[in-house]
Each structure stands twice: as structure tokens, then as C-alpha cells.
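Participant: Quick one: this structure, given as C-alpha cells, is what I'll be asking you about.
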Amino acid sequence: AGYAKEHGEIDLFLASLKANIACRDAIDAAIHAGHDGLHLHVDVKGVLAEFGPERVSHVLAAALLDKMWDQRISHDNQMWAASVPMFATGNRRYDYVPRSHSMLLNEFVRQARKEMESMEKQAEKKPSIKGRLAAKPVPSDHPTKPRGQEER
């Protein structure tokens, strides 16, 4: 907030904070809707589509970093959370930390990480539009004449 204020970006900072809070609420709502008392079947894809992998990763990592002491969070998820770049301190992150039970949050993180990994693999397989255009000639309605035989 201090940096944003100094650089005239307080509106962007507040908008990002609101988006993080909305992401937190969507994660908590997905967990609540997908938990039947025994199993968790959540709409991870919907949350990722709405907020994007970067914001979802940030919000989930913030939650896990605040629960590093919690034995119900897997070691793999804790290590992942520690690897996510975090610019806010603990008290700044508190506003957007999901409030779901640790075991449910741990499972949501596991499923989200799996889906984000799948999204990355699909993006790697998909050639760019520029690459596809370079690979195939574009059909034309007008046949082209060899160089030097153009009409003058």
C-alpha cells in the first residue's frame, strides 16, 4: 500500500485487493458447494477460469503460508506455497485468506495445482497462431503469377 501510494497506484492496489477477496470468496464457496461431508468435488476449473491461475495461486499460497504450523496441510502443498512469489506480509494477506477448514483447503490446493499443471501442458502443446500461419500457406482467390510476369 505504501509503494502504491508513493507511485500514484493506490486505485490499482485497492482493485487488486478487492479481486483477491472475491477470489477468496469463490474458493470458499466452491469448497462449501463441493463438500458432501465425506468427499470434496469442487469446481476448480470455474475458479481458475474466473480469476486466472496467477491470482488463485497467490490467494491459495497466502492461506497456506499462514498455516505452515498446521499438520493437516501436506508437505508438498506447503513447499509449493513457499515457492509462490509473495509481496504482502502476513497481516496484509489476512483479508483474502480463505476461511475453509484446513483439510478441505489442502484438498482444494491439490486439485488446483493438478489443474494448473494440466493447463500449462496444454498451452505448451498448442502452437501459436503465428506458428500455424507460417506452417500453412493462406489460400487466395487470386492466383499469383511468377515474379517478373506481373501486369504493368
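The values are calculated or read from the model by the stated rules, or taken from the named source; none is laboratory data. None of these values were measured; they are calculated from a predicted model. We place every Cβ from the backbone using ideal geometry, glycine too, and count neighbours over all the protein chains shown. These area figures cover heavy atoms from the full protein model, side chains too; ligands, DNA and RNA do not enter into them. Shrake-Rupley method; radii C 1.70, N 1.55, O 1.52, S 1.80 Å.
Participant: Given the criteria surrounded by 14 or more Cβ atoms within 10 Å (Cβ to Cβ), β-branched (Val, Ile, Thr) and assigned to a helix (DSSP H, G or I), does ILE73 qualify?
Facilitator: Values: surrounded by 14 or more Cβ atoms within 10 Å (Cβ to Cβ): yes; β-branched (Val, Ile, Thr): yes; assigned to a helix (DSSP H, G or I): no.
Judged against the criteria, ILE73 is not a match.
Participant: For segment 1-15, which positions are free of Cβ contacts under 8 Å to residues at least 60 places away in the same chain and in a loop (DSSP other than H, G, I, E, B)?
Facilitator: Applying the first criterion (free of Cβ contacts under 8 Å to residues at least 60 places away in the same chain) to segment 1-15 yields 2-15.
Correct list: HIS7, GLY8, GLU9.
Participant: Return the residue satisfying two criteria in turn: it lies in segment 41-63 and is open to solvent by 90 Å² or more (accessible area, probe 1.4 Å) and in contact (Cβ under 8 Å) with a residue 24 or more places away in the chain, and of such residues it is nearest to SER118 (Cα to Cα).
Facilitator: LYS45
Participant: Among (1) more than 17 Å from CYS23 (Cα to Cα); (2) in a helix (DSSP H, G or I); (3) of a type outside the set (Asp, Glu), where does ARG55 come up short?
Facilitator: Among (1) more than 17 Å from CYS23 (Cα to Cα); (2) in a helix (DSSP H, G or I); (3) of a type outside the set (Asp, Glu), the lone unmet condition for ARG55 is (1).
Participant: Can you confirm whether segment 26-37 contains a residue that is outside any helix (DSSP H, G or I) and either farther than 16 Å from GLU107 by Cβ or β-branched (Val, Ile, Thr) (or both)? Walk me through how you get there before you give the answer.
Facilitator: First, the residues of segment 26-37 that are outside any helix (DSSP H, G or I): 35-37.
Next, from what is left, pick out any that are either farther than 16 Å from GLU107 by Cβ or β-branched (Val, Ile, Thr) (or both): none.
Checked segment 26-37: no residue is outside any helix (DSSP H, G or I) and either farther than 16 Å from GLU107 by Cβ or β-branched (Val, Ile, Thr) (or both).
Participant: Right, next: Going through segment 6-25 one residue at a time, which ones are surrounded by 15 or more Cβ atoms within 10 Å (Cβ to Cβ) and either among the basic types (Lys, Arg) or more than 17 Å from PHE108 (Cα to Cα) (or both)?
Facilitator: Selection gives PHE13, SER16, LEU17, ALA19, ARG24.
Participant: Now a separate question. Quick one: GLY34 ticks every box in (1) touching a strand residue (DSSP E or B) at 6+ places or on another chain (Cβ under 9 Å); (2) closer than 17 Å to MET116 by Cα; (3) free of Cβ contacts under 8 Å to residues at least 40 places away in the same chain except a single one, so which number is it?
Facilitator: The failed condition is (2).
Participant: Return yes when GLU107 is acidic (Asp, Glu) and in contact (Cβ under 8 Å) with a residue 24 or more places away in the chain and no when it is not. Spell out how you get there, then give the answer.
Facilitator: Details: acidic (Asp, Glu): yes; in contact (Cβ under 8 Å) with a residue 24 or more places away in the chain: yes.
Yes: the conditions hold for GLU107.
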